[in-house]
Structure formats: structure tokens, C-alpha cells
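Each remark here refers to the structure printed beneath this line.
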Amino acid sequence: MADIPAEIGLFPLSGVLLLPRGKLPLNVFEPRYVALVEDALASQRLIGMIQPLWKEEDEEEDNKAPPLYSVGCLGRITSFTERADGTFAVTLSGVARFRVLRETGLHRGYRQARIDVSSFVGDLSEIPSEPFDRDKLFNSLRQYFRQKGLTARWSVIEQMEDDALLVTLPMICPFPPAEKQALLDAGSLTERVRVLQMLLDLSGPEEEGPPS
């Protein structure tokens with residue numbers, strides 16, 4: 001907790017979810033976010049990943065910065081490559097969720113905010129989830145992937161421990177931004193299981209293929 005600053009640079013990105021203990025690769029090329037990465041590398045390597053509330057196509061409406069969800073996740077830069085053109089490829093490792101108290105303006109083009117992590121101290125030593133029905137979750141996941149036309153290395157996914165599974169699946173499934181946020185907001189791994197199962201089931205029964 002003592003290593004987490006009271007103010008953090010923000011990286012608003014719609015539809016992208018970082019969870020505590022998760023790994024998120026990012027391709028950073030916008031000048032303001034290149035500056036954010038440079039500043040993070042020069043200090044504690046922490047970046048605040050958070051989703052904007054507006055749809056992507058509305059973000060520049062009236063030249064106003066889009067409002068943000070109140071909860072994001074701190075990511076620590078654990079690997080990076082600086083390209084010849086000054087852009088970055090980085091990997092963020094999720095540390096803990098945070099709540100935005102207030103924004104404090106722009107610095108080198110990127111947004112900053114005062115944050116509070118006290119509500120999410122459990123992220124630093126997360127309590128394991130209660131037992132859940134893995135077979136039911138995998139059945140729903142397979143159906144969801146079929147509907148979305150996605151492929152997966154099922155042998156790898158099925159061998160994951162429960163806690164790793166509950167970090168990986170919410171991050172890789174292409175849920176809409178509001179559903180991603182519901183997974184981030186879940187108070188515990190057990191609650192995250194419930195939300196994840198509900199979102200997968202909301203995809204509905206598998207549609208029949210066209211007549212042959």
C-alpha cells in the first residue's frame with residue numbers, strides 16, 4: 001500500500017480490462033500516452049487503466065474529455081520495448097483496483113487523478129474464490145466462443161487453477177465495455193464468477209446453422 005501513489009496518470013481505453021494479477025499487452029503510440037509511459041518508467045512504473053463512459057465515436061464530441069468510470073486498475077510496467085520511432089510496446093501487470101476521487105488536470109497531455117485504493121486492499125492478497133461449477137462455466141464459455149467465432153487453446157485453459165482462470169477469462173472475452181466494468185467492479189473472486197457466468201449465459205442458446 002505504501003508504494004501506491006495518491007496521484008496517478010490515467011490511460012482511458014474503452015473495452016479493455018486489466019484485473020489484479022492479470023497481464024495486459026499494450027501498443028502505445030499516441031504522443032500523450034507515450035509521455036505517460038515515459039513518466040511511469042521514470043518513477044514507480046504505475047499506470048491507471050480505466051474505461052471512458054462515452055462510446056468511442058463520441059469521445060471527441062464538443063472537444064470534451066469523456067467522463068470516466070469511477071473504478072480502474074493500477075498496472076505496473078513489467079516489460080517494455082521502445083521502438084526506433086519512440087513508441088512503446090509494454091506489458092502491464094495488474095496490481096490493485098482504485099477509485100477515482102477527482103481528476104487533477106493534464107500533464108504532458110495525459111489525464112491525472114487523485115485515487116484511493118483502500119476499498120480494494122484485498123486485491124493485494126486476494127482471498128480465493130469459493131468452489132464453483134467449472135463444467136458449467138466451460139460449457140457456457142465454449143458456446144460463447146462458438147457464437148463469436150473465436151478459437152482457444154482449450155487444453156491450456158482447462159488446466160488453469162481457479163484463480164488464474166478468473167483473471168484470464170474476463171480479460172480475453174470480448175464483452176462490451178459496461179460488462180467489462182461489471183467484472184472489474186465485482187467485490188470478490190466469488191462475485192466475479194457469478195458475473196462471468198451470467199454474462200456468458202446472456203449470450204443465449206446457440207443459433208442453428210443455415211439449412212443445408
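The values are calculated or read from the model by the stated rules, or taken from the named source; none is laboratory data. This one's a predicted model, so the numbers in the text were calculated from it and none came from an experiment. No Cβ is skipped: glycine too gets one built from the backbone with ideal geometry, and neighbour counts run over all protein chains shown. What goes into the accessible areas is simple: the full protein's heavy atoms, side chains included, and nothing from ligands, DNA or RNA. Shrake-Rupley method; radii C 1.70, N 1.55, O 1.52, S 1.80 Å.
Scanning the stretch 159-168 for residues that are out of contact with any helix residue (DSSP H, G or I) (no Cβ under 6 Å at 6 or more places or on another chain) and surrounded by 12 or more Cβ atoms within 10 Å (Cβ to Cβ) yields Met160, Asp162, Asp163, Ala164, Leu165, Val167, Thr168.
Note on the stretch 6-22: among residues that are in contact with a Ser or Thr (Cβ under 8 Å, 6 or more places away or on another chain) and part of a loop (DSSP other than H, G, I, E, B), the one that is most open to solvent (accessible area, probe 1.4 Å) is Arg21. Considering only residues in the stretch 140-152 that are within 28 Å of Asp123 (Cα to Cα) and either free of Cβ contacts under 8 Å to residues at least 40 places away in the same chain or of a type in the set (A, V, I, L, M, F, W, C) (or both), the one that is least open to solvent (accessible area, probe 1.4 Å) turns out to be Leu141. The number of residues in the stretch 77-92 that are surrounded by fewer than 18 Cβ atoms within 10 Å (Cβ to Cβ), within 17 Å of Pro20 (Cβ to Cβ) and either in contact with a Pro (Cβ under 9 Å, 6 or more places away or on another chain) or free of Cβ contacts under 8 Å to residues at least 12 places away in the same chain (or both) comes to 1. Of all residues in the stretch 74-86, those that are touching a strand residue (DSSP E or B) at 6+ places or on another chain (Cβ under 6 Å) and more than 27 Å from Gln181 (Cβ to Cβ) total 2. Remark: Glu130 falls outside the filter, which requires a residue to be surrounded by fewer than 19 Cβ atoms within 10 Å (Cβ to Cβ), under 19 Å from the mean Cα position of the chain (by Cα) and outside any strand (DSSP E or B). In the stretch 23-49, which residue that is more than 17 Å from Ser79 (Cα to Cα) and in contact (Cβ under 8 Å) with a residue 60 or more places away in the chain is least open to solvent (accessible area, probe 1.4 Å)? Among them, the one singled out is Arg32. Cβ-Cβ distances below 7 Å connect the following pairs, each with a first residue in the stretch 153-167 that is more than 10 Å from Leu189 (Cα to Cα), a second residue that is surrounded by 12 or more Cβ atoms within 10 Å (Cβ to Cβ), and a separation of six or more residues or different chains: Glu158/Phe138; Met160/Thr168. Candidates Phe80, Phe138, Phe98, Phe120: the one that is part of a helix (DSSP H, G or I) and within 20 Å of the chain's Cα centre (by Cα) is Phe120.
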